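The values are calculated or read from the model by the stated rules, or taken from the named source; none is laboratory data. Bear in mind the structure is a predicted one, so any value in this text is a computation, not a measurement. Heads up, the Cβs are rebuilt from the backbone with ideal geometry, glycines too, and the neighbour counts pull from every protein chain shown.
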Amino acid sequence: MKEKLSKINLTFAAIAILVIADIFVWSAVFSEKPSDSASVSFFDIGQGDSIFIEATNGNQILVDGGPDGSVLRELSAAMPFYDRFIDVVVATHPDADHIGGLVDVVERYRIGAFIEPGVSSNTAFYQALKSAVADKKIPTFLARRGMSIDLGDGGSLVILFPDRDVSGVETNTASIVAKFQFGQNSVMLTGDSPQSIEEYLVSINGERLASDILKVGHHGSRTSSSESFVSAVNPQMAIISAGKDNRYGHPHSEVIDLFSKFYIEMLNTAKEGTIGFALNGASIIRK
């Protein structure tokens with residue numbers, strides 16, 4: 001009997017040790033210290049755009065959600081399982097390859113604010129997204145030039161376009177163009193902006209467009225990436241978010257040649273998968 005009791009006591013002791021160890025592990029997880037670096041991830045979601053930004057204090061922005069629920073897989077990998085809150089969701093424009101996955105995001109995460117350009121669409125995707133945002137009572141704002149979304153700890157997303165009412169404008173032309181800034185680092189996000197808008201921004205703001213990373217407009221279509229814009233942004237790296245063997249032929253050979261002309265490194269999610277960077281305010285490191 002004593003032998004059996006001692007075995008039981010040993011079993012309970014082993015379980016207690018495991019429980020205590022587990023508590024320490026989860027305590028470490030939930031008390032995770034702020035990072036010294038902000039991060040930007042260009043999600044691999046097929047033919048579309050989805051960019052996840054996280055400041056050093058953990059505040060987050062999701063810019064677009066790709067064409068479908070693939071964004072949920074990417075968010076699960078980028079965020080701790082217990083984090084079900086995204087501070088800001090930005091829909092650059094209402095085309096399905098940018099907002100198709102946002103309905104799932106809105107339904108599965110709590111969202112602090114929703115930002116859009118103000119151009120409408122009759123597509124089922126856009127109507128479903130608007131209904132989901134309204135049902136969840138998410139505060140909604142129209143993006144306008146000069147707005148700055150302060151993430152804290154020196155991180156901010158600055159809106160460069162639209163600078164006017166775009167309610168009657170073609171959806172790509174109405175795309176939100178924004179620049180994420182953290183210290184001396186910056187990332188230019190262009191949605192599907194065409195060359196006409198790029199050149200307009202160069203004419204009014206050319207000296208302030210310089211960025212370390214450029215999210216290439218319209219998945220590398222020849223309708224975007226004007227030479228004057230690429231020259232003004234002058235990035236170290238250009239990111240193309242496109243689907244593997246997509247039917248549009250993105251990125252276009254003319255776009256590839258243009259970036260090669262400027263000796264700018266190009267990375268494509270179709271080849272690389274999700275592309276992530278850590279920004280420490282002075283330099284950028286690929287994750």
Identify, from the list ASP44, ASP68, the residue that is assigned to a loop (DSSP other than H, G, I, E, B), surrounded by fewer than 21 Cβ atoms within 10 Å (Cβ to Cβ) and among the charged types (D, E, K, R).
ASP68
The strands (runs of 3 or more DSSP E) lying entirely within segment 213-287 that contain at least 3 residues which are surrounded by fewer than 23 Cβ atoms within 10 Å (Cβ to Cβ) and touching a residue at least 12 places away in the same chain (Cβ under 8 Å) are 265-268, 275-279
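Okay, residues lined up against (1) closer than 26 Å to ALA270 by Cβ; (2) of a type in the set (S, T, N, Q):
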site: THR173; (1), (2): yes, yes
site: VAL177; (1), (2): yes, no
site: PRO194; (1), (2): yes, no
site: GLY206; (1), (2): no, no
site: HIS219; (1), (2): yes, no
site: SER228; (1), (2): no, yes
site: ALA232; (1), (2): no, no
site: VAL255; (1), (2): yes, no
Counting only residues that are charged (D, E, K, R), within 25 Å of ALA96 (Cβ to Cβ) and modelled with pLDDT of 95 or more, how many does segment 195-252 have?
2
Could you grab me the full set of residues in segment 66-112 that are among the charged types (D, E, K, R), within 25 Å of SER148 (Cβ to Cβ) and under 14 Å from the mean Cα position of the chain (by Cα)?
ASP87
Hey, can you tell me all the residues within segment 84-126 that are charged (D, E, K, R) and in a loop (DSSP other than H, G, I, E, B)?
ARG84, ASP95
So if I check each of SER167, SER120, which one is small (Gly, Ala, Ser) and touching a helix residue (DSSP H, G or I) at 6+ places or on another chain (Cβ under 9 Å)?
SER120
I'm told ALA134 meets every condition in (1) out of contact with any Pro (no Cβ under 6 Å at 6 or more places or on another chain); (2) closer than 27 Å to ALA242 by Cα except one. Can you identify the failing condition by its number?
(2)
If you go through ASP87, ASP95, ASP68, ASP104, the only one that is closer than 28 Å to PRO251 by Cα and in contact (Cβ under 8 Å) with a residue 40 or more places away in the chain is ASP95
